[in-house]
Amino acid sequence: MSDIRTLDLNLLKAFVVLLDECNVSRAAKRLSVTQPAMSGILNRLRESFNDQLFVRVQHGMQPTERALQLGQTARSILQEINTMLQPPVLEPEKLTMTLRIAAMDYVQQIIALPLILRLRRLAPNVRVALLPVQGQNIKTLFEQNKIDLALVSQEHLSADIPRTVLYEERYVCAMSHTHSLANKKLTLEQFCELPFAMLSYNGGEFSGATDIALQKLGKQRKVMVSVNHISLLPQLLQGSDLVAVLPEHLAKTLPNVHLQSPPIEVEGFTMMMAWHERTEQDIAHRWLRDILKDVVK
């Protein structure tokens with residue numbers, strides 16, 4: 001008795017051609033095989049389905065009732081297989097899925113926000129979930145299938161995680177337009193005497209990349225305020241003598257602040273977009289990653 005393990009699916013195409021032609025010679029010509037080979041295929045089909053399938057008549061062959069029934073199924077199967085083999089076509093306006101993005105809050109503002117606005121136009125049925133990344137292990141989040149994308153600096157990614165560079169980040173000084181030093185080039189001495197507000201992603205920190213750069217010179221600054229959310233920074237800077245050293249992409253989003261280069265070289269970082277290998281070739285995820293990269297540009 002035949003089953004899927006013994007049936008050669010290539011026979012189905014020959015079976016459908018035989019149904020179309022009801023003639024061994026014409027079927028052989030269509031399939032570019034010899035007539036004896038076609039007769040051999042017909043014998044294999046008869047064995048597989050335990051039925052004559054075709055009986056001789058005056059001008060060729062006539063399919064049996066069993067053959068006609070099987071033909072409908074065979075055509076459907078071949079159509080399904082052909083569909084499977086076709087490259088997938090993405091229609092963004094019909095795309096329905098949830099995209100989960102892990103990112104620091106300021107990255108959510110400068111990248112995820114314009115991404116969402118773009119998707120509202122191009123793929124309105126795509127839902128976007130923005131998730132915090134502070135204190136989380138990115139690889140673990142991917143392995144537990146809790147996120148689809150991570151927007152983080154390179155230091156947060158292990159070597160085996162697929163990623164692409166979004167941009168190179170540098171640090172700038174941000175202060176009120178009315179600050180007494182807003183239009184003056186800061187000296188290192190002035191810089192160290194200024195009161196600073198610091199954005200602490202993990203909360204409660206009073207030192208960061210700027211302080212590491214100062215320590216190399218045997219200097220230190222005065223960090224007077226530590227906040228863990230960007231929403232407080234504009235009011236803090238506009239309403240006081242406080243100064244902040246911030247990633248430039250973030251600083252440019254703050255209203256009514258003056259930006260200038262710090263008097264020391266503060267090491268920047270590379271902002272990356274990372275994803276899990278399970279979505280590497282997925283057509284929808286690839287399209288979404290391309291949209292995000294275009295938004296960043």
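Worth pointing out:
- Over the stretch 1-160 - Rg/Rh using Cα atoms and the Kirkwood inverse-distance radius: 1.33
- On the beta carbon distance between L217 and V165, with R0 = 30 Å, the FRET formula returns roughly 0.50.
- Using a probe radius of 1.4 angstrom, the carbon and sulfur fraction of the accessible surface of the chain is 50%.
- Calculated P(r) tail over 27 Å for the chain, as whole % of Cα pairs: 61 percent
- Estimated [θ] at 222 nm from DSSP helical runs (n ≥ 4, -39500 (n - 2.57)) normalised by residues in the chain, nearest 500: -10500 deg cm²/dmol
- Per residue, the stretch 4-85 exposes an accessible area of 67 Å² to a 1.4 Å probe, with every protein chain left in place.
- Rg and Dmax, both from the Cα atoms of the stretch 71-221 and both in Å, are 24.0, 88.
- Zone of E80's modelled label, taken as backbone nitrogen in the stretch 26-70 under 17 Å from a point 7 Å along Cα→Cβ: 69-70
- Loop-located trypsin sites (Lys or Arg not before Pro) in the stretch 183-230 whose Cβ has at most 11 other Cβ within 10 Å (DSSP): K184, K185, K216
- Cα-Cα separations in the stretch 4-85 greater than 17 Å, expressed as whole percent: 43 percent
- Net charge in the neighbourhood of T64 (other residues with Cβ under 13 Å of its Cβ; Lys, Arg +1, Asp, Glu -1) is +1.
- Close amide H partners of T64, meaning residues 5 or more places away or on another chain with modelled amide H under 5 Å apart, are L53, F54, V55.
- Shape analysis of the stretch 159-279 places it in the prolate category; the axes a ≥ b ≥ c from the Cα gyration tensor give an a/c of at least 1.5, with a/b above b/c.
- The stretch 155-297, accessible area per residue, ligands and nucleic acids excluded (1.4 Å, Å²): 53 Å²
The values are calculated or read from the model by the stated rules, or taken from the named source; none is laboratory data. Because the structure is predicted, anything quoted here is derived from the model rather than measured. Cβ coordinates were reconstructed from backbone atoms using ideal geometry, including for glycine residues, and neighbour counts include every protein chain displayed. Accessible surface is based on the protein model in full, side chains and every heavy atom, while ligands, DNA and RNA are left aside. Shrake-Rupley method; radii C 1.70, N 1.55, O 1.52, S 1.80 Å.
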